[in-house]
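Data block below; observations after.
The values are calculated or read from the model by the stated rules, or taken from the named source; none is laboratory data. In this text the structure is predicted, and so the values were computed from the model without any measurement. Don't worry about glycine lacking a Cβ; one is built from the backbone with ideal geometry, like all the others, and counts go over all protein chains shown.
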Amino acid sequence: MIWPALRVSLLVVSVATVIVGALGLALAFLLARREFRGKELLDALLTLPLVLPPTVTGYYLIVLLGRRGIFGSYLYELTGWTVAFTWQAAVIASTVVALPLMFKSARAAIESVEPRYEIAAYTLGKSEWETFWRVTLPLAWRGVLAGLVLSFARALGEFGATLMLAGNIPGETQTMPLAIYEAVVAGEDERAFALALILTLISVAAVYLTNLLSRRAPAARF
Amino acid sequence: MLHVEIRKRLDTEGRGTFTLDLNFDAPADGVTILFGPSGSGKTTTLRAIAGIITPDAGRITLGEQIFFDSARHVNLPIQKRRVGFVFQDYALFPHFTAEQNVAFGLQDSGGKTRSARAREWLAQLRIEEAAGRYPRELSGGEQQRVAVARALASGPSVMLLDEPLAAVDAATRSKLLSEITALQQQARIPFLYVTHNHAEALRIGQHLILMHEGRVVQTGAPEEVFHRPANAQAAHIVGTENIFPGRIVAHREAEGITLIDLGDGGCRVAATYNELPPGAPVTVGVRAEDIIIARERVTQTSAHNVLSATIKRQFREAGRVELIAGSGGVDFKVSVTAGTVETLNLAEGTSVYLLIKARAFYLL
């Protein structure tokens with residue numbers, strides 16, 4: 001029962017990391033460079049999963065997205081499908097829990113880029129979109145990358161919220177942290193150790209690669 | 001011609017509000033100087049023209065094109081105004097090489113590649129060899145050239161230069177001024193150049209807008225504004241500047257000074273160290289307010305220059321007295337209070353000593 005858990009974890013984490021990366025970057029830009037009402041409230045709300053116990057986050061997700069949930073009930077009426085106890089639920093749980101790590105780090109990184117560089121790009125006729133990709137992001141990329149790696153690690157280790165919303169269905173929603181728990185409870189020490197080792201290796205590799213990248217890239221020299 | 005007619009209330013930290021209320025023109029023939037003490041709103045004016053900040057009311061037009069018109073609710077975004085902005089600290093993109101910085105603002109055209117055209121611009125500003133270097137590997141003068149090249153390469157319809165020589169050494173300043181003049185004549189678009197330095201203004205300005213506390217005090221040719229201020233306020237803002245031709249004599253690098261002969265060579269002064277070769281001709285400026293008068297030779301002083309001089313003439317105006325003190329064939333204008341003249345018993349023919357800090361000399 002090692003490979004199904006690894007397969008589920010890799011699927012869930014890779015999809016969640018892509019969503020967290022895109023959504024987190026957009027949120028970070030909005031929060032760092034735009035003024036709008038309720039800005040700090042939005043920041044606080046999205047940061048909540050960082051401080052709440054994951055089971056509480058999971059509980060709110062059930063309230064929102066469960067078959068009888070606030071949004072989930074509409075979805076069920078319309079399509080007859082519910083997200084609860086599917087691998088997509090595990091993605092949602094991981095995304096919500098990991099998102100604050102990404103957007104907090106990226107927001108700080110974008111805020112540290114001096115606006116004069118962006119203004120200089122505007123005077124050279126560049127749109128905000130092009131300026132973001134060619135000026136702001138390259139100057140902020142270390143913080144953005146750090147946020148992405150932390151989110152990846154957090155999504156990989158996600159347990160509580162996933163268990164609440166996605167359950168623990170082997171081969172379907174049982175990710176590695178859930179499989180480890182089950183193995184320990186069942187007294188299968190060898191399996192628990194193997195899973196823990198794989199999880200540790202993936203995390204170490206991610207952090208190591210990040211450090212390597214941020215030291216090698218030419219843009220890191222300034 | 002660039003026409004600027006704007007009002008803008010600004011909140012300055014701890015100093016209450018400040019209102020920019022301006023009306024001036026900058027023609028396409030020649031460099032227009034925006035001159036005034038720091039805090040008079042020069043940089044804010046450039047930012048309003050570029051569209052970085054929005055005025056409360058008024059009009060900004062460039063020929064037929066309307067950048068901003070509060071009555072007609074026109075406010076072109078920065079990107080559409082096509083201004084070449086040379087920032088005070090250059091704002092070169094740190095993650096791009098010099099060539100990439102210049103190429104960034106170039107439009108794709110059917111002919112040569114963007115990098116080839118970027119190198120042409122660098123060649124025109126004589127920093128071709130810096131093409132592959134990053135901004136942090138460039139000297140202040142080189143960064144300045146890249147910034148000018150980047151702004152001009154983007155094909156602007158107006159150039160805005162915000163104290164571009166503030167962070168450049170004396171040896172580079174003079175060369176850059178000549179190049180900016182030449183580039184203006186080639187581009188034939190309005191150049192608006194912010195400075196608070198007389199020698200710079202006189203050297204490259206055809207027109208001068210004198211600003212004070214957000215308003216235009218006087219406009220005209222730089223010589224005219226400096227020598228014939230329209231009123232007491234204008235006179236106070238321009239101050240009085242001595243400007244002499246000079247020649248570099250020698251360097252004392254360890255002491256941090258450079259010796260310069262003024263005029264025909266009878267007057268030798270010490271200025272802050274620079275890297276101009278000995279024998280090089282320079283223009284030397286020193287403000288009349290920066291010269292101290294003493295009746296006796298002062299020995300224990302931090303001023304590098306203690307010049308023996310004779311008072312030749314004096315002019316009184318509203319509590320201030322302007323003295324003309326001759327030293328070694330050079331006439332210094334010195335500005336003192338009427339009280340000083342009484343206390344020191346100064347009159348025409350009196351022998352005095354002029355105390356001038358090395359830093360007070362500004363070289364071009």
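Taking the conditions (1) without any contact (Cβ under 8 Å) to a residue 24 or more places away in the chain; (2) on the phi > 0 side of the Ramachandran plot; (3) not acidic (Asp, Glu) in turn, residue B:72 satisfies each one other than (2).
Count of the stretch B:123-140 residues, restricted to those that are in a helix (DSSP H, G or I) and hydrophobic (A, V, I, L, M, F, W, C), is 2. Of the helices (runs of 4 or more DSSP H) entirely within the stretch A:23-133, those holding at least 1 residues that are over 30 Å from residue B:44 (Cβ atoms) and not small (Gly, Ala, Ser) occupy A:39-51, A:54-65, A:72-79, A:87-111. Considering only the stretch A:99-117, I want to know if a residue exists there that is surrounded by fewer than 17 Cβ atoms within 10 Å (Cβ to Cβ), within 14 Å of chain B (Cβ to nearest Cβ), within 18 Å of residue A:31 (Cα to Cα) and among the acidic types (Asp, Glu). Yes, some residue in the stretch A:99-117 is surrounded by fewer than 17 Cβ atoms within 10 Å (Cβ to Cβ), within 14 Å of chain B (Cβ to nearest Cβ), within 18 Å of residue A:31 (Cα to Cα) and among the acidic types (Asp, Glu). All of (1) within 22 Å of the chain's Cα centre (by Cα); (2) more than 24 Å from residue A:207 (Cα to Cα); (3) of a type in the set (S, T, N, Q) hold for residue A:105 with one exception: (2).
The set of residues in the stretch B:147-186 that are aliphatic (A, V, I, L, M), within 23 Å of residue B:42 (Cα to Cα) and without any contact (Cβ under 8 Å) to a residue 60 or more places away in the chain comprises B:149, B:165, B:168, B:176, B:183. Residue pairs whose Cβ atoms lie under 7 Å apart, separated by 6 or more positions or on different chains, with the first residue in the stretch A:147-158 and farther than 21 Å from residue A:178 by Cβ and the second among the β-branched types (Val, Ile, Thr) and surrounded by fewer than 22 Cβ atoms within 10 Å (Cβ to Cβ), are A:149/A:207; A:149/A:210.
Test residue B:147 against the criterion of being over 17 Å from residue B:275 (Cβ atoms) and touching a strand residue (DSSP E or B) at 6+ places or on another chain (Cβ under 9 Å), and give yes or no. The answer is yes for residue B:147. Applying the condition of being in contact (Cβ under 8 Å) with a residue 24 or more places away in the chain and not small (Gly, Ala, Ser) to the stretch A:22-42 and asking which residue is farthest from residue A:97 (Cα to Cα) yields A:33. Can you spot a residue in the stretch B:252-261 that is under 20 Å from the mean Cα position of the chain (by Cα) and either over 29 Å from residue B:335 (Cα atoms) or in the same structural domain as residue B:323 (by TED's automatic domain parsing) (or both)? For the stretch B:252-261, residues under 20 Å from the mean Cα position of the chain (by Cα) and either over 29 Å from residue B:335 (Cα atoms) or in the same structural domain as residue B:323 (by TED's automatic domain parsing) (or both): absent. Assess whether residue B:32 counts as being closer than 16 Å to residue B:161 by Cβ, assigned by TED's automatic domain parsing to the domain that holds residue B:153 and assigned to a strand (DSSP E or B). Answer is yes for this residue.
Within the stretch A:5-24, can one find any residue that is farther than 29 Å from residue A:81 by Cα and surrounded by 14 or more Cβ atoms within 10 Å (Cβ to Cβ)? Among the residues of the stretch A:5-24, not one is farther than 29 Å from residue A:81 by Cα and surrounded by 14 or more Cβ atoms within 10 Å (Cβ to Cβ), which makes the answer no.
Tally up the residues in the stretch B:123-138 that are surrounded by 14 or more Cβ atoms within 10 Å (Cβ to Cβ) and either within 14 Å of another protein chain (Cβ to nearest Cβ) or over 26 Å from residue B:157 (Cβ atoms) (or both), please.
Residues in the stretch B:123-138 being surrounded by 14 or more Cβ atoms within 10 Å (Cβ to Cβ) and either within 14 Å of another protein chain (Cβ to nearest Cβ) or over 26 Å from residue B:157 (Cβ atoms) (or both): 8 in total.
Summed over the stretch B:316-360, residues that are out of contact with any strand residue (DSSP E or B) (no Cβ under 6 Å at 6 or more places or on another chain), among the β-branched types (Val, Ile, Thr) and assigned to a strand (DSSP E or B) total 1.
Restricting attention to the stretch A:165-212 and to residues that are hydroxyl-bearing (Ser, Thr, Tyr) and surrounded by 16 or more Cβ atoms within 10 Å (Cβ to Cβ), the residue that is nearest to residue A:143 (Cα to Cα) turns out to be A:210. Exactly one residue out of A:162, A:136 is in contact (Cβ under 8 Å) with a residue 24 or more places away in the chain, surrounded by 24 or more Cβ atoms within 10 Å (Cβ to Cβ) and assigned to a helix (DSSP H, G or I), and it is A:162. Selection of the stretch B:331-340 for residues being over 14 Å from residue B:291 (Cα atoms) and either in contact (Cβ under 8 Å) with a residue 12 or more places away in the chain or surrounded by 15 or more Cβ atoms within 10 Å (Cβ to Cβ) (or both) yields only B:338. Residue B:51 meets the stated requirement of being more than 30 Å from residue B:239 (Cβ to Cβ) and surrounded by 18 or more Cβ atoms within 10 Å (Cβ to Cβ).
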